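What follows is a short report on a single structure.
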Amino acid sequence: MTTTPATAPTNLRRVPLVKRFLTFTWLTIGLAALVLVGFAFVQPSIVVDTFVTGGMWALMAAGLALVFGVMNIPNFAHGEFFMIGSLVAYFVFTPINNAVYNDPSGTTLLKIFGPFPGMVIAALVGFAIGAVLEVILFRPLRRRSREQWVMNTFLLTAGISVVLVNGDELIFGNDFRGASRYWDVPPLQILGVSVSMDRAAVFVIAMVTILLFSLFLLRTRTGRAMRAVAQDEAGAQMAGISLNRIFVLTMGLSCGLAALAGASLLWLYPSSPTVGQQPLYLAWYVVILAGLGNVQGAIIGAFIVSLLQTVTVYYVGVDWVDVLPTLFIIVILLFKPSGLFGSEVKGVWEQ
Amino acid sequence: MATVIDKTTPSRDEAKAFARRRMIFAAVLVAIAILIPFVPPFTGQDYKRFLVTGALMAAYAVAFDFTAGYIDIVNFGFAAFVGLGAYTSGLLAVDLGISPWIGMFCGALVAAVVGLLTGMLTLRLRGIYAAVMAWFVGLALMGLVRTLPNITRGSLGLSTPQLLNTADNLPYYYIVLGMLFLTIGILMIVIHSRIGLAFRAIGQNLASAKASGINPTRFLVINFTLSCAFAGLLGGFYAHYYGILTPDLLATNHTVEVLAVAYIGGRGTLWGPAVIAFPLMVITGLLQAQLASMPGLELVLYGLLLIAVMIFRPAGFAGLVTAASNRIWKARTEAPDSAIPAS
């Protein structure tokens, strides 16, 4: 209904500053920020919860947005990498945890750094599986036909999701595999709210990863190449960028981020075949809300979705957490179909 | 006769012959569907149950293919509309004592109304956006069913009365087969009408459809609503065949199953998904029964098949059949005059 005209970015500078920020997008962000500041006085735990879960959704959504932006693949199997991450983390962390329990005296080092091997290995496994899928599935499809690419890859990833979920059930069964906690220490006090060490760590991990990820995209040659491919594939190729290399890297990176999210949240989401479903649709809420393919927008959008969730849980009830945010997002999208930060996306999805 | 081997547009005679061939093919399939419960392995109750699920899945896949294959809108909330019809019909029967036979059509009506609203809101968007919005609506509906346990009994499950007072699956098979024929018949008629022409125009090339004076949103909404109505009707059958409803019925993975069947069968044909659903569901049922120790195996195979179809054979099963029958036909008509192998 109210998509920004394609020429908007070029004459952005001529628009008065006040007017530029009086758009629907900035109003929404401003409102969200205001609500957060308000809650900091009334109910600080909402603010803390928003940032803790928001960080993880940002990790999920950034990967999803990256793959759409660079490769035009709307990944329906993104949640399955969350599942893979939590599974790997479980198998790596459990022996370490047992070692700590069996020898509680001399393993302070293991107590502090124990959870990290699981997370790192999970991210690497996620990277590897994502890269392999690009080579054995998306590349043949790309070579055969790019007609209706967006929809076809969406359905292809739906197939991948079915295989991974049921493959997990087939191999590992329907059990829940989790860890009660990563760090067995008393909770921290933030804003007068007690926050468990795990929650705080998750937030720090998310922020550090997003920072590194942004630096990679903005400052390195490969990151620049990735953004070039996202902007214009043919042009990037002419400039000597190997598309295949970038695609493998992008898919791997995105899946690795999802796996890292799954590994970091093992204590909250015990691994089971369907554990990836909620993170999947939350990441999708974020990405659609922010505008498909917009990585920075996805990071802000993640905190908006997380705020919606947290407020629903606190004031309406935990049962409504699947209903109200969804309806709210649908309403926002009615006013802004291309997402809060989306520009004209016609070219991408109608090709 | 051998002078023209490859013609792009068939002559009137050829078109007639093609139509006759198609009629014979359809008649054979219908006869097989009607008679199969009397052929030995299928006489057992287990196999009859597989046939019922096969026919139900076939009807789902046809209704799904009506939007996915013709107007290129993949309704990711399909299972939610099935569930909506099922819950409507089930609740009417449980709370108000309304006969399931009427309830099923009420379910179809409710699904159609919600489908109409969803369509009016989301079908201004296209492609991936419409698919994802339909998915979100489906998620919201599933959340609602879960959140209102005093109405829907939530995850405890709603027990619904059976359609018939019998333990035999055979009458149910004929009812669902009748529903399948009704679905495929009505949707075929629509597809071959002027409205159907508009659907295909929109699905193939939106810009040129607009240029020839078609209002795309209107036709998209008509199509979507019709598909949702059939989803609701079939949901009503589900409710009164299985006798228990849980919010899980509305989950996205059921949509993906229907989607897999529709695409493996061949998008945009209606008959392809309907035909392939039977063998797929019978094999699924057998695998589930034989390999209880390996849960999820049949779905892994499904997923692999869907991936293979998406990459290598986008025309699916229907495409294979069409190609094979064309080859046989060509070989038969050309053989007397020329020795050129038709390949």
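The values are calculated or read from the model by the stated rules, or taken from the named source; none is laboratory data. Note that the structure is a prediction, hence the values are computed from the model and not measured. Virtual Cβ from ideal backbone geometry, glycine too; neighbours counted across all protein chains shown.
Kindly list, by first and then second residue, each pair from a residue in region A:56-85 that is on the phi > 0 side of the Ramachandran plot to a residue that is β-branched (Val, Ile, Thr) and surrounded by fewer than 24 Cβ atoms within 10 Å (Cβ to Cβ), limited to pairs with Cβ atoms under 8 Å and residues at least 6 apart or on different chains.
Pairs found: A:ASN72/A:VAL150; A:ASN72/A:VAL348.
Can you name the residue in region A:309-327 that is under 20 Å from the mean Cα position of the chain (by Cα) and within 13 Å of chain B (Cβ to nearest Cβ) and is also modelled with the highest pLDDT among such residues?
Step by step, filter region A:309-327, then rank; the result is A:GLN309.
Which of the residues that make up region B:241-254 are crowded, with 24+ Cβ neighbours inside 10 Å and away from chain A (no Cβ under 14 Å)?
B:LEU245
Take region A:251-288 and flag every residue that is in contact with a helix residue (DSSP H, G or I) (Cβ under 6 Å, 6 or more places away or on another chain), surrounded by fewer than 24 Cβ atoms within 10 Å (Cβ to Cβ) and among the polar types (S, T, N, Q).
The answer is A:GLN277, and nothing else.
When only residues in region A:217-240 that are over 15 Å from A:GLY69 (Cβ atoms) and among the basic types (Lys, Arg) count, which is nearest to the chain's Cα centre (by Cα)?
Here the answer is A:ARG219.
Okay, residues lined up against (1) under 18 Å from A:LEU211 (Cβ atoms); (2) touching a residue at least 24 places away in the same chain (Cβ under 8 Å):
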residue: A:GLY252; (1), (2): no, yes
residue: A:PRO273; (1), (2): no, yes
residue: A:TYR285; (1), (2): no, yes
residue: A:ILE288; (1), (2): no, yes
residue: A:ALA298; (1), (2): yes, yes
residue: A:ALA302; (1), (2): yes, yes
residue: A:VAL311; (1), (2): no, yes
residue: A:VAL316; (1), (2): no, no
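Which residue pairs have Cβ atoms closer than 8 Å, lie 6 or more positions apart in sequence or on different chains, and pair a first residue in region B:51-65 that is outside any helix (DSSP H, G or I) with a second residue that is surrounded by fewer than 24 Cβ atoms within 10 Å (Cβ to Cβ)?
From region B:51-65, no pairs qualify.
Can you give me the ranges of the helices (runs of 4 or more DSSP H) entirely in region A:37-128 with at least 2 residues that are within 24 Å of A:TYR285 (Cβ to Cβ)?
Numbers: elements: A:44-71, A:78-102, A:108-113.
In region A:37-128, A:44-71, A:78-102 are the helices (runs of 4 or more DSSP H) which contain 2 or more residues that are within 24 Å of A:TYR285 (Cβ to Cβ).
Rundown of residues vs (1) β-branched (Val, Ile, Thr); (2) at pLDDT below 85; (3) assigned to a strand (DSSP E or B), yes/no style:
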residue: B:LEU144; (1), (2), (3): no, no, no
residue: B:ILE151; (1), (2), (3): yes, yes, no
residue: B:LEU164; (1), (2), (3): no, yes, no
residue: B:VAL176; (1), (2), (3): yes, no, no
residue: B:PHE181; (1), (2), (3): no, no, no
residue: B:ILE189; (1), (2), (3): yes, no, no
residue: B:LYS210; (1), (2), (3): no, yes, no
residue: B:LEU220; (1), (2), (3): no, no, no
residue: B:LEU226; (1), (2), (3): no, no, no
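Check whether at least one residue in region B:74-83 is crowded, with 21+ Cβ neighbours inside 10 Å, outside any helix (DSSP H, G or I), among the small types (Gly, Ala, Ser) and out of contact with any Lys or Arg (no Cβ under 7 Å at 6 or more places or on another chain), and report yes or no.
yes
May I ask you to verify whether A:VAL202 is facing chain B (nearest Cβ under 10 Å), within 21 Å of the chain's Cα centre (by Cα) and surrounded by 14 or more Cβ atoms within 10 Å (Cβ to Cβ)?
Numbers: facing chain B (nearest Cβ under 10 Å): no; within 21 Å of the chain's Cα centre (by Cα): yes; surrounded by 14 or more Cβ atoms within 10 Å (Cβ to Cβ): yes.
No; evaluated as a whole, the condition is false for this residue.
Scan A:ARG181, A:ARG139, A:ARG146 and give me the residue that is charged (D, E, K, R) and away from chain B (no Cβ under 14 Å).
Testing whether each residue is charged (D, E, K, R) and away from chain B (no Cβ under 14 Å) leaves just A:ARG181.
Among B:ALA260, B:ALA289, B:ALA318, B:ALA324, which is the only one that is more than 14 Å from chain A (Cβ to nearest Cβ) and buried (at least 23 other Cβ atoms within 10 Å of the Cβ)?
Just a single option satisfies the conditions, and that option is B:ALA318.
Can you report the number of residues in region A:149-178 which are out of contact with any strand residue (DSSP E or B) (no Cβ under 6 Å at 6 or more places or on another chain) and either away from every other protein chain (no Cβ under 14 Å) or of a type in the set (Val, Ile, Thr) (or both)?
10
Which numbered condition trips up B:ALA277, out of (1) among the small types (Gly, Ala, Ser); (2) touching a residue at least 60 places away in the same chain (Cβ under 8 Å); (3) at positive phi?
(3)
Return yes when B:MET310 is part of a loop (DSSP other than H, G, I, E, B), touching a helix residue (DSSP H, G or I) at 6+ places or on another chain (Cβ under 8 Å) and facing another protein chain (nearest Cβ under 8 Å) and no when it is not.
no
Condition check ((1) of a type outside the set (Lys, Arg); (2) touching a Gly at 6+ places or on another chain (Cβ under 9 Å); (3) more than 9 Å from chain A (Cβ to nearest Cβ)) across all residues:
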| position | (1), (2), (3) |
| --- | --- |
| B:VAL82 | yes, yes, yes |
| B:SER89 | yes, yes, yes |
| B:PRO100 | yes, yes, yes |
| B:PHE105 | yes, yes, yes |
| B:VAL113 | yes, no, yes |
| B:LEU125 | yes, no, no |
| B:MET133 | yes, yes, no |
| B:LEU139 | yes, yes, no |
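Looking at region B:293-301, can you tell me whether even one residue there is in a helix (DSSP H, G or I), at the interface with chain A (Cβ under 8 Å from one of its Cβ atoms) and in contact (Cβ under 8 Å) with a residue 40 or more places away in the chain?
yes
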